1. Pop out the ³J(HN,Hα) list for the stretch 13-24 in order, Karplus 6.51 cos²θ - 1.76 cosθ + 1.60 with θ = phi - 60°, rounded to Hz; leave Gly and Pro as x.
2. Could you state the accessible area per residue of the chain in Å², with a 1.4 Å probe and every protein chain left in place?
3. Provide Rg over Rh for the chain; use the alpha carbon set for both Rg and the Kirkwood Rh (inverse mean inverse pair distance).
4. Report, to the nearest whole %, how much of the accessible area of the chain belongs to carbon and sulfur atoms, 1.4 Å probe, protein only.
5. Setting aside same-chain residues fewer than 8 positions from K10, which lysines have a Cα under 24 Å from its Cα?
6. What does the accessible area of F50 come to, in Å² to the nearest 10, when a probe of 1.4 Å is used?
Amino acid sequence: SIKAIESSNKQDDTMWLTYWVVYGVFSIAESFSNIFLYWFPCYYVGKCLFLLWCMAPVSWNGSQILYHNIIRPCFLKHHQTVDNVLGTLGTKA
């Protein structure tokens, strides 16, 4: 990520920022379901393969696919509500 930030090409910045957004959403989802997923055999191997797929430097990169097909549409659908709630919290704080 640091090398992406320091490079003159901004395409790799977008790739890594997309990865970190997907990783963050995955981490939040995992924290709620970890108690159940822990019992599945080879869960950690699957998690490792999933994260490797998300950061793979290929056109079918997992983070790009998940972001554009799941996270971005959900964000665009609810971003106005989130902005309103955060704005209200900011004024109350």
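The values are calculated or read from the model by the stated rules, or taken from the named source; none is laboratory data. In this text, all values refer to a predicted model and were calculated from it rather than measured experimentally. SASA here: full protein model, heavy atoms, side chains in, ligands and nucleic acids out. Shrake-Rupley method; radii C 1.70, N 1.55, O 1.52, S 1.80 Å.
1. With coefficients 6.51, -1.76 and 1.60, one gets 4, 4, 4, 6, 5, 4, 4, 5, 5, 5, 4, x Hz.
2. Details: 7310 Å² over 93 residues.
Solvent-accessible surface per residue comes out at 79 Å².
3. Numbers: Rg = 16.4 Å, Rh = 15.4 Å.
That ratio equals 1.06.
4. On the way: 5180 of 7310 Å².
Carbon and sulfur: 71 percent of the exposed surface of the chain.
5. Cα-Cα hits under 24 Å: none found.
6. Counting only protein heavy atoms, the figure is 50 Å².
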